[in-house]
Every structure is written in C-alpha cells, then in structure tokens.
1. Using beta carbons and a limit of 7 Å, which pairs, at least six apart or on different chains, have the first residue in the range 41-61 and over 30 Å from R101 (Cα atoms) and the second one assigned to a helix (DSSP H, G or I) and among the basic types (K, R)?
2. So, E75, is that one in contact with a helix residue (DSSP H, G or I) (Cβ under 6 Å, 6 or more places away or on another chain), part of a helix (DSSP H, G or I) and under 29 Å from W38 (Cβ atoms) or not?
Amino acid sequence: MAYAFCALLGGAILAAIIAPLFRKDESLESAILEETQWDLLQRKKEVILGNVQDLDFEYKCGKLSEADHQRIRAEMMGEAAQVMDEIEKLESTLDLDALIRREVAARKGDRPKSKMLACTSCGTKNPTTNKFCADCGTKLTA
C-alpha cells in the first residue's frame, strides 16, 4: 500500500514538472520571442551573402578556378535573389509587424546628420556630443 502511494505521488509530481514543457503558451511575451518568417528569411539572406563573400575570398586565394567561381557564385546569387523576393512579398502584405519594421528602418535611414564642431586647436571635426577633441584632446566649445 505504501509503495502504491509513493508511486502515485511520484507520478503526480513528475506530471506537474513535465506539463509546462508540452503546454503551448499563447501570451504576448511568447509571441514576441518567437522567430517570425521574416526573421528566418533575413537570417537566411545574411548566411547566403556571407557564403558569397567566403567564396570570393577563396577564389582570390587561388583555391577555385574561374569557371567554378562563376558557376557557384551565380547559384548563390540566384538563391539570394529568391530569398530577397520572398522578403519583399512578405513585407508587401498587410502584416503589421512587417510594416512596423519597414517604417523603423526607413526612419533610421532618414536620421538627420549631427552637426560637427571644429577643434580650435587642430581643426579636426568632432561630433557635438564630444566634450574634448578626439585628435588632440583640447576642450571643445560650442
């Protein structure tokens, strides 16, 4: 009787520990943490373009012939074009997340250039956020 009770209690504890692993979480936090199709495509694009850079490096080092380099590079660039087309199609839909990402990227690109201050000592241009010249160390005045 005691063994059956211990087995039943152990099984209940084990079930309570394992249950969260199989439960699908529908909360906002889990949705934010999930990787979206757009994220996967962006990562795939970065990997392909990195592979193209590696291929070019190996060709310059003499590890690949001209014909092999051109053939493999054309295949990789075709694959990159397909991924970029998929990204463009995904972004052109009415997906709110994609619209937000596109708007943020556009605003980051349109950020106004910060004014530069010229050092009175050496003439080096420094951002207005600097208090001292990056070249000679003289205190900057606005």
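1. So the pair list comes out as L55/R73.
2. On the way: in contact with a helix residue (DSSP H, G or I) (Cβ under 6 Å, 6 or more places away or on another chain): no; part of a helix (DSSP H, G or I): yes; under 29 Å from W38 (Cβ atoms): yes.
Against the criterion (in contact with a helix residue (DSSP H, G or I) (Cβ under 6 Å, 6 or more places away or on another chain), part of a helix (DSSP H, G or I) and under 29 Å from W38 (Cβ atoms)), E75 does not qualify.
Listed here are the residues, each with its yes/no results for (1) of a type in the set (G, A, S); (2) modelled with pLDDT of 90 or more; (3) farther than 30 Å from K89 by Cα.
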| position | (1), (2), (3) |
| --- | --- |
| A31 | yes, no, no |
| Q37 | no, no, no |
| I48 | no, yes, no |
| L55 | no, yes, no |
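Here is a yes/no grid of residues against (1) at pLDDT 85 or above; (2) in contact with a Ser or Thr (Cβ under 7 Å, 6 or more places away or on another chain):
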residue: E58; (1), (2): yes, no
residue: L64; (1), (2): yes, no
residue: D68; (1), (2): yes, no
residue: E79; (1), (2): yes, no
residue: M84; (1), (2): yes, no
residue: L94; (1), (2): no, no
residue: S114; (1), (2): no, yes
residue: T124; (1), (2): yes, no
residue: N130; (1), (2): no, no
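The values are calculated or read from the model by the stated rules, or taken from the named source; none is laboratory data. Quick caveat, the model's predicted, so the values are computed rather than measured. Please note: Cβ atoms are built from the backbone with ideal geometry, for glycine as well, and neighbour counts cover all protein chains shown.
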